[in-house]
Amino acid sequence: AENLYWLHAATGALMVAPARTAPTERLSATEICRVGGFARGLVIQDDVALVGHSHIRPGTTFAYLPVATAATHAGITAIDLKTGNTLGEAVYHTDCHEIYDLQWLPDQPNTGLVGVMDDLHTLNVHHENRFYWSQKASPKN
């Protein structure tokens, strides 16, 4: 049987409970690690968990949560599920403030995260399961 993994958003904790052997058995939860933000997205591939976490803006309802002082930026953290160690992290300091969900994209080596606040997203070209970036045309004099 497989373990049950979940995020405790208010503390930024990645939690695990071993599978129960009987329906009446109580779950025994253990904290694997904490990420530096309001944990909101989780995807697991093999022994790696990708955890999305969001920035908490001052003065909001969530600003009083225990994780608020650590939630200074949004990001995605890769965690080794066997050790709880951080394998790597993508940090967004400016345009991206909240991450709600993550998905694993197998066999997609050229993925990216782009917002729609400007026209950068229009430069992405998709052809036969491949993605490319076109160049923005230079203005003519």
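Data overview
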{"read-out": "At most 11 other Cβ within 10 Å, DSSP loop - chymotrypsin sites (Phe, Trp or Tyr not before Pro), region 9-69", "value": "none"}
{"read-out": "Normalised contact order of the chain, rounded percent, pairs of Cα under 8 Å and 6 or more residues apart", "value": "17"}
{"read-out": "The chain: radius of gyration over Cα atoms, expressed as a fraction of 2.2 N^0.38 Å", "value": "1.30"}
{"read-out": "Average projection area in nm² (convex hull over Cα atoms of region 30-77, one quarter of hull surface)", "value": "3.6"}
{"read-out": "For the chain, the longest site-free run once trypsin sites (Lys or Arg not before Pro) in DSSP loop states with at most 13 other Cβ atoms within 10 Å are removed", "value": "27-81"}
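Every number in this text was worked out from the coordinates using simple rules, so none of it is lab data. Not measured: the values here are computed from a predicted model. Neighbour counts run over all protein chains shown; Cβ positions are idealised from the backbone, glycine included.
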